[in-house]
Amino acid sequence: MSQSNTTVVLVHGAFAENGSWNGVIERLTHNGVRAFAVANPLRSVTGDAEYVADVVRGVDGPVVLVGHSYGGVVITQAAESAGNVQALVYVSAFAPDTGESAAALTALYPGSTLGDAVSGVALSSGETDLTIRTELFHQQFCADVDAATAALMAATQRGFSDRALNGPLATSAPGWRRLPSWFVYGGADRNIPAAAIAFFAVRAGSRGTTVVEEASHAIGVSQPDVVTRTILAAIAG
């Protein structure tokens, strides 16, 4: 792959939205790389992955698919049916195997405080939409950004269906099994324990793993340079 014909498609996770990738997109563009963020529906693993795969198939040329948090679940499944995906980048993200859910993987190692920070709204569909409580958002999700930025992120977070949280990876061919993958994450992540992400990286045979010890779960916002370097490594690789 070369930067001239590779497109980076970024998939946000739970409690976030497209704007969380703004700093990374700005830096990729500065490096001559085409990049855009997909609006992850956050409704169900299979449905979200189908949507992302449809978007990726519409891209002309090779794609590096990047997922943050629950977005890692989505790209792991979407890569199965989007044949132009050349590499995967997991940014403080889940990299599940068949049958594993985000909820189960969060509990794989101790350390997550997410459960105590989340509130739910019952939907007419019978599902529950989950959000991080505003007063806890800064310390839970993005402790290493300034208060004003954290307040905006809290106000623009998207509801996350409990169906997506508990939904197992359906594909029998997780993307990381056949595609090269890179990992970058924060050592101070309060959503997904750092030990869990380290496990995912080893299991996936990561081509390159970067840990920023003091970084929060929102490493794409707080450390866009590091995340961008990881994506550029995936393109070059």
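Worth a mention:
- Value at 222 nm in deg cm²/dmol, rounded to 500, when DSSP H runs of n ≥ 4 in the chain each add -39,500 (n - 2.57): -10500 deg cm²/dmol
- The range 48-113 - percent of accessible surface contributed by carbon and sulfur, probe 1.4 Å: 50
- Nearest-0.05 FRET efficiency for Ser119 and Ala195, computed from C-beta distance (R0 22 Å): 0.25
- Counting only protein heavy atoms and a 1.4 Å probe, the chain has 39 square angstrom of accessible area per residue.
- Taking a Cβ cut-off of under 13 Å around Ala87, the surrounding Lys, Arg, Asp and Glu residues balance to a net charge of +2, with basic ones at +1 and acidic ones at -1.
- Sulfur and carbon atoms: percent of accessible area, the range 114-237 [1.4 Å]: 52
- Gained length - Glu214 relative to Ser172, 0.36 nm times residue gap less alpha-carbon distance: 11.6 nm
- Shape of the range 89-197, Cα gyration tensor, a/c cut at 1.5: oblate
- Loop-located trypsin sites (Lys or Arg not before Pro) across the range 133-188 with a Cβ neighbour count of 13 or fewer within 10 Å are Arg133, with loop assigned by DSSP.
- Ordering Val89, Asn191, Leu114 by Cα displacement along the dipole of the chain toward the positive end leaves Val89 in first place; charges were set at the Cβ atoms of Lys, Arg (+1) and Asp, Glu (-1).
The values are calculated or read from the model by the stated rules, or taken from the named source; none is laboratory data. Since we're looking at a predicted model, the values are computed, not measured. Cβ: placed from backbone, ideal geometry, glycine included. Neighbour counts: every protein chain shown. Only protein heavy atoms, including side chains, enter the accessible area calculation; ligands, DNA and RNA are left aside. Shrake-Rupley method; radii C 1.70, N 1.55, O 1.52, S 1.80 Å.
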